[in-house]
Amino acid sequence: MIIDAHAHLNAPAELYAYQASLLSSRGAHGKFGAGVSDTQLREYGEHTLSVMDSVGTDLQLISPRPFSCAHSAQPARIVHWWTDAVNDAIARQVAQFPGRLAGVAGLPQAYGESPEQWASALERAVTEFGMVGCVLNPDPSEGTGYVAPLGDEWWYPLYDKLVELDVPALIHSGGCQNGRETYSEHFITEESIAILSLLNSEVFLRYPTLKIIVAHGGGSVPYQIGRWRAARAHKRLRQGQVLQESFDDSLRRLWFDTVLHHPPALELLLRTVGHDRVLFGTEKPGSGSAPDPRTGRDFDDIRPVIEGFDFLDDKQKQAVLSENALSVFRLLGVGRDS
């Protein structure tokens with residue numbers, strides 16, 4: 001079984017027209033609904049399955065497209081209404097393709113609200129929509145203001161709920177409006193900050209069973225790991241403490257996905273964090289769905305890259321391609337326990 005743990009919803013234009021109406025009216029006309037039919041969701045779901053079949057994916061986990069989450073939009077109610085509409089579309093599409101698609105929820109992370117409100121939305125997504133995890137945006141301001149880093153106690157109510165429900169969060173930032181970065185660049189910035197903030201905090205001491213996946217191979221962290229190893233050593237020495245957990249050991253408290261479009265970068269990730277902490281993900285179809293002139297395959301056709309790594313044996317490759325996802329997403333109900 002091949003499980004793609006990082007992909008996004010394909011949906012008709014009417015869904016995004018609904019968002020445009022909410023944003024333009026600021027919710028003045030109420031929560032009137034997106035008006036997307038089951039037939040439309042099936043049509044777009046069939047396209048998703050055709051793409052999956054073309055690269056040999058058996059099961060794909062779909063979430064909202066992060067750049068469209070609009071978490072900084074005001075008033076906050078339109079963020080909630082839009083998130084509900086997208087989660088509803090995901091749940092309805094998943095229901096039409098059992099065993100092929102599973103839902104990962106968006107959270108209504110309206111900038112200025114608190115994680116307590118997002119925690120209740122997470123519970124509803126899991127218990128009512130049947131979602132198996134959530135996407136967590138570490139910067140709901142979308143580059144426009146200050147948000148406490150993920151190691152801060154401010155986030156604890158959400159971590160409480162993630163642990164209670166035993167579902168993972170995929171760290172994946174959203175849009176960016178600071179004028180300095182594209183949204184893709186902002187993804188890498190925020191994912192890097194998220195890792196360092198979490199690992200230099202007490203989060204995993206308080207929540208040892210918390211399951212966090214970091215998108216896009218961990219941002220810049222595998223590449224910059226030498227600096228973070230040294231920083232950890234300096235911190236321990238300054239505090240007069242005996243070195244206990246190395247930065248590498250701390251890094252293995254997290255999981256990472258393979259949404260990297262350069263084989264040497266993916267190899268570095270696997271060699272740095274270990275095959276048992278990496279989940280197969282492609283984000284296909286998405287920004288990487290363009291032909292690589294060197295191989296003739298799309299950049300996001302990642303399975304052949306993993307299968308071609310000679311430093312992994314067959315069992316290790318299968319861990320990346322499915323077994324790790326089955327361990328992290330315990331609500332999938334497929335594979336070993338079915």
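If you check ALA20, ALA28 for being assigned to a helix (DSSP H, G or I), more than 22 Å from the chain's Cα centre (by Cα) and at negative phi, only one passes: ALA20. Residues in the stretch 55-71 that are more than 20 Å from SER141 (Cβ to Cβ) and in a loop (DSSP other than H, G, I, E, B): GLY56, THR57, ASP58. Does VAL167 satisfy the criteria of being among the β-branched types (Val, Ile, Thr) and in a loop (DSSP other than H, G, I, E, B)? Spelling it out, VAL167 is indeed among the β-branched types (Val, Ile, Thr) and in a loop (DSSP other than H, G, I, E, B).
Close contacts from the stretch 34-60, counting a first residue that is free of Cβ contacts under 8 Å to residues at least 24 places away in the same chain and a second that is open to solvent by 40 Å² or more (accessible area, probe 1.4 Å), with Cβ to Cβ under 7 Å and a gap of 6+ residues or different chains, come to GLY35/GLU14. Note on the stretch 231-265: among residues that are modelled with pLDDT under 90 and in a helix (DSSP H, G or I), the one that is least open to solvent (accessible area, probe 1.4 Å) is ARG232. It is to be established whether one or more residues within the stretch 82-91 are surrounded by fewer than 22 Cβ atoms within 10 Å (Cβ to Cβ) and over 21 Å from ARG65 (Cα atoms). So far as the stretch 82-91 goes, no, none of its residues is surrounded by fewer than 22 Cβ atoms within 10 Å (Cβ to Cβ) and over 21 Å from ARG65 (Cα atoms).
Among the candidates TYR159, TYR111, the residue that is more than 14 Å from the chain's Cα centre (by Cα) and open to solvent by 10 Å² or more (accessible area, probe 1.4 Å) is uniquely TYR111. From the list ILE90, ILE62, ILE2, the one residue that fits, being modelled with pLDDT of 95 or more, touching a strand residue (DSSP E or B) at 6+ places or on another chain (Cβ under 8 Å), among the hydrophobic types (A, V, I, L, M, F, W, C) and over 18 Å from GLY130 (Cα atoms), is ILE2.
In the stretch 288-318, the qualifying residues are those that are acidic (Asp, Glu) and at pLDDT 90 or above, and the one that is least open to solvent (accessible area, probe 1.4 Å) is ASP301. Within the stretch 170-187, track down each residue that is touching a Leu at 6+ places or on another chain (Cβ under 8 Å) and part of a loop (DSSP other than H, G, I, E, B). HIS172 - this is the single residue of the stretch 170-187 that is touching a Leu at 6+ places or on another chain (Cβ under 8 Å) and part of a loop (DSSP other than H, G, I, E, B). Of all residues in the stretch 213-230, none are of a type outside the set (S, T, N, Q), touching a residue at least 24 places away in the same chain (Cβ under 8 Å) and closer than 18 Å to ALA110 by Cα.
The values are calculated or read from the model by the stated rules, or taken from the named source; none is laboratory data. The structure displayed is predicted, hence computed values, not measured ones. Cβ atoms come from the backbone with ideal geometry, glycine included; neighbour counts cover every protein chain shown. What goes into the accessible areas is simple: the full protein's heavy atoms, side chains included, and nothing from ligands, DNA or RNA. Shrake-Rupley method; radii C 1.70, N 1.55, O 1.52, S 1.80 Å.
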